[in-house]
Amino acid sequence: MFARRSHKPMLLAAAGALACIGTTAAAQGTCADILVSGVYCSIDSAVADYAPAAVRLDGFGPGVIRPLVLVAPGEGEQTTPGRRAPHDGIAPPHDVVVTGRASWEAPDPLAKVNLKSFEVTQSVDKALIAPIALAYKDAVPKPVRDGVHNFLYNMREPVVFLNFLLQLKIGRALETAGRFVINTTAGIAGVFDIAKRKPFKWRRRSNGFANTLGFYGVKSGPFLFLPLVGPTTPRDLIGGAVDRLLFPFIYGRRITRPQFALPIGVLGVLDHRSEFDDTLHQLHDGQADPYARSRDFYLQRRQNEIDELKGKGQKNSSPLSEAPTLPITVKERSPEHGVLVPAPAPAPAPAETPHP
């Protein structure tokens, strides 16, 4: 009888050690499940210090990453009798929230170079281009300027048509082809936009190979601000180059001759600058960072046009190549880094009931 009583404490100690080891393994296995499922859990506070550190992707919010919080059981959870919660049951004080970028937020790794190019471009515009464009706007009657504008954009309709075909937008492709035929004939080489009137009511749409690339999932790449080009991205540069290469095949090589290309180019610059004068004032005047505002306005409008092609964006108020017809709104960019959000204060650990 005495021998049995002397071995009982040792047997209880061994059983407790085995239970602790088994509980630790079970807790670590639960953590592995959490990393896959994205669901919070509670781990027995007695073995929380043994569990490895883990980070999980929150399945309830895209772009949100939180550290796996090891918490002491609260009310309604069962605990193993006789175990004390370490650290007085206090959970880590913060969750780390990393906000994901919106689809339009192209990175800007060359911001310093882009900003310098923007400033130089603005200086040249203020000293030369804007005065000439505004003089053109004041001197030339609006019906004549509208005719020039319609002629220039009617020349782009075959490119718009081809890209709608590439995007399998057959209805829009046929409508664009109809616009080109009607305006080129009845509209006298596109000077008059007859197709937008009754009975057709076919509005002008903007499209190009850059849109086709975006439509099929090609990312824009980093933002660029280039002299003579202005705001752009690698995707838009490549798409624009492909569009321009199509013109000689559509209209013949004579379109590339200086006596034709130079006047068309000059008229295009004057038309574009005069059309966007009000837009530029809204973007730049009285703004703390006109460069960032211009960059984000461009990227948002580009993304909206691609989203609209995919059927998940708002209808464009006007083609991208034309000035907006609605007041300008520019969304703010997401934070570059994570935001620390205080976690709710943990419930106090229940007082341990003394055993008799």
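Structure above, values below:
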| read-out | value |
| --- | --- |
| Residue within the stretch 298-314 that is within 27 Å of residue 167 (Cα to Cα) and modelled with pLDDT under 80 present | yes |
| Residue within the stretch 241-252 that is in a loop (DSSP other than H, G, I, E, B) and over 17 Å from residue 324 (Cβ atoms) present | yes |
| Selected residue (only one of 203, 235, 172 is at pLDDT below 95 and touching a helix residue (DSSP H, G or I) at 6+ places or on another chain (Cβ under 6 Å)) | 203 |
| Of all residues in the stretch 274-294 being assigned to a helix (DSSP H, G or I) and open to solvent by less than 30 Å² (accessible area, probe 1.4 Å), the one that is nearest to residue 137 (Cα to Cα) | 274 |
| In the stretch 207-229, the residues that are touching a residue at least 24 places away in the same chain (Cβ under 8 Å) and closer than 15 Å to residue 295 by Cβ | 220, 221, 222, 223, 224, 225, 226 |
| Residue 133 without any contact (Cβ under 8 Å) to a residue 40 or more places away in the chain and of a type in the set (A, V, I, L, M) | no |
| Residues being open to solvent by 40 Å² or more (accessible area, probe 1.4 Å), charged (D, E, K, R) and over 22 Å from the mean Cα position of the chain (by Cα) - total across the stretch 213-256 | 3 |
| Enumeration of residues in the stretch 114-131 that are surrounded by 15 or more Cβ atoms within 10 Å (Cβ to Cβ) and under 31 Å from the mean Cα position of the chain (by Cα) | 114, 115, 117, 118, 121, 122, 125 |
| Subset tally (residues that are outside any helix (DSSP H, G or I) and within 17 Å of residue 240 (Cα to Cα)) for the stretch 139-179 | 3 |
| Residue 134 vs. criteria farther than 30 Å from residue 193 by Cβ and surrounded by 13 or more Cβ atoms within 10 Å (Cβ to Cβ) | no |
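The rows are residues; the columns are (1) within 26 Å of residue 114 (Cβ to Cβ); (2) modelled with pLDDT under 70; (3) of a type outside the set (Val, Ile, Thr); (4) out of contact with any strand residue (DSSP E or B) (no Cβ under 7 Å at 6 or more places or on another chain).
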residue	(1), (2), (3), (4)
289	yes, no, yes, yes
317	no, yes, yes, yes
340	no, yes, yes, no
345	no, yes, yes, yes
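The values are calculated or read from the model by the stated rules, or taken from the named source; none is laboratory data. Only a predicted model underlies this, so the values are computations on that prediction, with no experimental measurement involved. Cβ: placed from backbone, ideal geometry, glycine included. Neighbour counts: every protein chain shown. Remember, those area values only see protein heavy atoms, side chains included, never the ligands or the DNA or RNA. Shrake-Rupley method; radii C 1.70, N 1.55, O 1.52, S 1.80 Å.
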